[in-house]
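Undergrad: Structure below; questions to follow.
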Amino acid sequence: MKVSIKNNLIYLLVSTVLPISFFACERSERGGITETKEVKFVKHVIHSTFISEGVAVGDVNHDGKKDIIAGAYWFEAPDWKSHEYRTPKTFDYTKEWSDAFLNFPMDVNEDGWVDIINVGFPGKNVFWYENPKGQPGHWSEHLIDTNVCNESPMMVDLDGNGKSDLVFGNENTGRMMWFQNSINQEEVTWKGFALSHENSPGTNKFSHGLGAGDVNKDGRTDVIIKDGWWEAPENTQELPWKFHQAALGEPCSQMYAYDFDNDGDNDIISASAHDYGIWWHEQVITEDGTATFETHEIQKDFSQTHGVAFTDMNGDDLPDLITGKRFYAHHGKDPGGKEPAVLYWFEFKRENGNKPTWIPHLIDDDSGVGLQVVTEDMNGDQRPDIIVANKKGVFYFENQ
C-alpha cells in the first residue's frame, strides 16, 4: 500500500522560532477531516554544525539526567553545555563525512559510568572511550576492532545474557561478526565471533542493510540483511549460523522483524538508504513449511532514509516507524538529495482483516536524520523523544 504524504496530512506551523511545534490532522479518503490528533514536538537545536551522523543518549556525568552524545562531544542536560571527550574535528558537509558514523552508550567496564562506543567511517576502526568519572580531560581510547563494515553496525543482545553485543561485517574475510566484551580483574577484552561463512553478503565496507529480530519465532535473535537472514543457533558461538536466502528489498538502513499483519509469523521492515522507498516484507509460509517474503511499499515520497527507529510513539502498544531524509548523504548527489531534510513518524495501525497501514506525520522539515535515530524518554514524562545528528547538526525533538 502506498501512502501519499501530501494528500493525507495537513501541517500547521505553530511557531517560526525555536522551539518549533507541528500538528497533524488525518484526512479521510473523501477529503474531509474525520479525526484530529494533536502530534506535537518541540525542536531543540543542540548543535548547529556538522560534527557527527551518529548519536547516543546516556547519563554521562552521573547526575540522573540523560545527556546527548554525538561525535567528539557529549552535551550535558538540561542546558546542553558541550564537553569534549576526544579531539574534535571540523567537517565540510558539502564534500566530507565525519569520523562518527554511529555512537553507542555502554558501561563497558561495568564501573557504573556510561562509556561511549564510536564507529568511524566504514572499513575503519571502532573504539570505546572510558568515562573518567567526572575527571577533566579527554577520555582514554581503547580499540575494539580495525575493520567495521556494513553501514548499519548495531548493538544488540545476541546471546541473551542481558548485555549488548556489537555486530558488523568484516570486509577482509567476508564474514558477519559479533563482538562480546568481558571483564577479568577490571581488564576489558572484546572477543569476536564469526556467525557466517567467508565471502558472505552484507559484509562489504559499504554494504547497506542490517538488523536483528526473531524471524522464525524460536525465541532467539536472528541477524537480518537485505539478502536474507542468519538463524541464531542455541549456542550463538557456533559457526556458521544457518543462512536463509530471501529477497528483502533494496539497499537499506536498519531492519526490524515484527508480525505486522498479525498472522502468526514475523515480517520485516526496511527503508532505502540512498533512494526512495520504505517497505514491509510479508512472510508467507507455504504448505511445506517454506518461508518466502512478499514486498509491499509503504511510501516513496522522500528519499535517503538512512536511519530508522522502531518505537511505540503514541502508547497504543503498536510499534511505529521513525525516519527521515539523511541530509546530503552523498553531498546532494542521490535521488532527491537536495529536497527538504524532513523527519517523520509513521503511525502503525491495522485495518479490518489486520491489513497493516502507516499514517505519516511530519515532525520537522529542516533537520532529517543521520545514520541513527534514537528514541528515549529524555525528561521522564513517559513519552519517547527523538534525537538525531547529521550534516545539519544535532537535534532533540521533545514529544509533548
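The values are calculated or read from the model by the stated rules, or taken from the named source; none is laboratory data. These figures come from a predicted structure and were not determined experimentally. Cβ: placed from backbone, ideal geometry, glycine included. Neighbour counts: every protein chain shown. Side chains included, ligands, DNA and RNA excluded: accessible areas come from the protein's heavy atoms. Shrake-Rupley method; radii C 1.70, N 1.55, O 1.52, S 1.80 Å.
Undergrad: Out of GLY64, VAL148, LEU158, whose Cα points farthest toward the positive end of the dipole of the chain (charges: +1 Lys, Arg; -1 Asp, Glu; placed on Cβ)?
TA: Working it through, the farthest residue towards the positive pole turns out to be VAL148.
Undergrad: Then there's this: Could you give the size of the charge dipole of the range 164-312 about its Cα centre, using +1 on the Cβ of each K and R and -1 on the Cβ of each D and E, expressed in debye and rounded to the nearest 20?
TA: On the way: 8 positive and 26 negative charges, 140 e Å.
The dipole magnitude comes to about 680 debye.
Undergrad: May I pose another question? Loop-only trypsin sites (Lys or Arg not before Pro) in the range 75-118, please: DSSP not H, G, I, E or B, and at most 16 other Cβ atoms within 10 Å.
TA: Values: sites: LYS81, ARG86, LYS89, LYS95; in loops: ARG86, LYS89, LYS95.
When the trypsin sites (Lys or Arg not before Pro) of the range 75-118 are filtered for loop state and at most 16 Cβ neighbours within 10 Å, LYS89, LYS95 remain.
Undergrad: Tabulate in residue order the Karplus-calculated ³J(HN,Hα) for the range 377-386, using 6.51 cos²θ - 1.76 cosθ + 1.60 with θ = phi - 60°, rounded to whole Hz; enter x for Gly and Pro.
TA: 7, 7, 10, x, 9, 6, 10, x, 9, 10
Undergrad: If exposed means no more than 14 neighbouring beta carbons inside 10 Å and the site is in a DSSP loop, what's the longest run of the chain without any exposed GluC sites (Glu not before Pro)? Mind showing how you got there, number by number?
TA: Details: sites that count: GLU29, GLU38, GLU96, GLU110, GLU186, GLU198, GLU234, GLU238, GLU287, GLU351.
Longest run free of exposed loop sites: 111-185.
Undergrad: Stretch ARG383-GLU187 to full length: gain in nm at 0.36 nm per residue minus the Cα-Cα span?
TA: Between ARG383 and GLU187, full extension yields 66.8 nm more.
Undergrad: At a probe radius of 1.4 Å, what is the per-residue accessible area of ARG383, in Å² to the nearest 10?
TA: 100 Å²
Undergrad: Could you list which residues have their amide H under 5 Å from that of LYS205, counting only those 5 or more apart in sequence or on another chain, with H placed in the peptide plane?
TA: Hits under the 5 Å cutoff: ASN150.
Undergrad: Which cross-chain or sequence-distant (5 or more) residues have an amide H under 5 Å from the amide H of ALA100, H modelled 1.01 Å from N in plane?
TA: For ALA100, the qualifying residues are GLU53.
Undergrad: When the Kirkwood radius is taken over all Cα pairs of the range 30-183, what Stokes-Einstein diffusion coefficient follows at 25 °C and 0.890 mPa s, in µm²/s? Let's see the in-between values first.
TA: Values: Rh = 17.2 Å.
Rounded, D is 143 µm²/s.
Undergrad: Ok, one more. Let me check against my output: what whole-number percent is the relative contact order of the range 144-264, with C-alpha pairs under 8 Å and at least 6 apart? Don't skip to the end; give the middle numbers.
TA: Values: 281 pairs, mean separation 26.5, N = 121.
Relative contact order, the range 144-264: 22 percent.
Undergrad: So what is the relative contact order of the range 270-338, in percent, for Cα pairs below 8 Å that sit 6 or more residues apart? Mind dumping the intermediate values first?
TA: Numbers: 135 pairs, mean separation 20.9, N = 69.
With pairs under 8 Å counted, the relative contact order is 30 percent.
Undergrad: Now for a different question. Using a Förster distance of 25 angstrom, determine the FRET efficiency expected from the C-beta separation of PHE121 and THR295, and round it to 0.05. Don't skip to the answer; put the middle values down first.
TA: Working: r = 31 Å, r/R0 = 1.23.
That pair, PHE121 with THR295, gives E of 0.25.
Undergrad: Amide H neighbours of HIS47 under 5 Å, counting only residues 5+ apart in sequence or on other chains, H built in-plane at 1.01 Å?
TA: Answer set, sorted by chain and number: VAL394.
Undergrad: What is the range 321-400 by shape, rounded, prolate or oblate, if you read a ≥ b ≥ c off the alpha carbon gyration tensor as root eigenvalues and call it rounded for a/c under 1.5, prolate for a/b larger than b/c, and oblate otherwise?
TA: Numbers: a/c = 2.74, a/b = 1.25, b/c = 2.18.
In terms of gyration-tensor shape, oblate.
Undergrad: Sticking with this one: What's the extension gain from ILE285 to LYS217 if we count 0.36 nm per residue and subtract their Cα-Cα distance? All intermediate terms of the calculation are to be shown ahead of the outcome.
TA: Working: separation 68, 0.36 × 68 = 24.48 nm, distance 1.27 nm.
Extra length available between ILE285 and LYS217 comes to 23.2 nm.
Undergrad: Moving on to the next point. For labels at ASN204 and SER82 in the simple 7 Å Cα→Cβ model, what's the distance in nm?
TA: Using points 7 Å along Cα→Cβ, the separation is 3.6 nm.
Undergrad: Now for a different question. Per 0.36 nm of contour for each residue apart, how much would the distance between SER140 and LYS333 grow if the chain were fully extended, relative to their Cα-Cα spacing? Present the calculation step by step, with values, prior to reporting the outcome.
TA: Working: separation 193, 0.36 × 193 = 69.48 nm, distance 3.76 nm.
Length gained, SER140 through LYS333: 65.7 nm.
Undergrad: Per residue of the range 280-297, what does 6.51 cos²θ - 1.76 cosθ + 1.60 with θ = phi - 60° give for ³J(HN,Hα)? Whole Hz please, x for Gly and Pro, Karplus curve as stated.
TA: Along the range 280-297, the couplings run 10, 10, 6, 7, 10, 9, 7, 4, 8, x, 6, 9, 10, 10, 10, 8, 10, 7 Hz.
Undergrad: Please give the per residue accessible area of the chain, computed with a probe of 1.4 Å over protein heavy atoms only, in Å². Mind dumping the intermediate values first?
TA: Values: 17050 Å² over 400 residues.
Spelled out: the 1.4 Å probe surface of the chain, per residue, equals 43 Å².
Undergrad: Using a probe of 1.4 angstrom, how much of the accessible area of the chain is carbon and sulfur, in percent?
TA: On the way: 7600 of 17050 Å².
Carbon plus sulfur share of accessible area: 45 percent.
Undergrad: Another question, then. What list of ³J(HN,Hα) couplings, whole Hz, do you get for the range 203-212 from phi and the Karplus terms 6.51, -1.76, 1.60, once you set θ to phi - 60° and write x for glycine and proline?
TA: 10, 5, 3, 10, 4, 10, x, 7, x, 9
Undergrad: Moving on. Any idea what the dipole of the chain comes to, in debye rounded to 20, about its Cα centre with Lys/Arg Cβ at +1 and Asp/Glu Cβ at -1?
TA: Working: 34 positive and 65 negative charges, 305 e Å.
Dipole magnitude for the chain comes out near 1460 debye.
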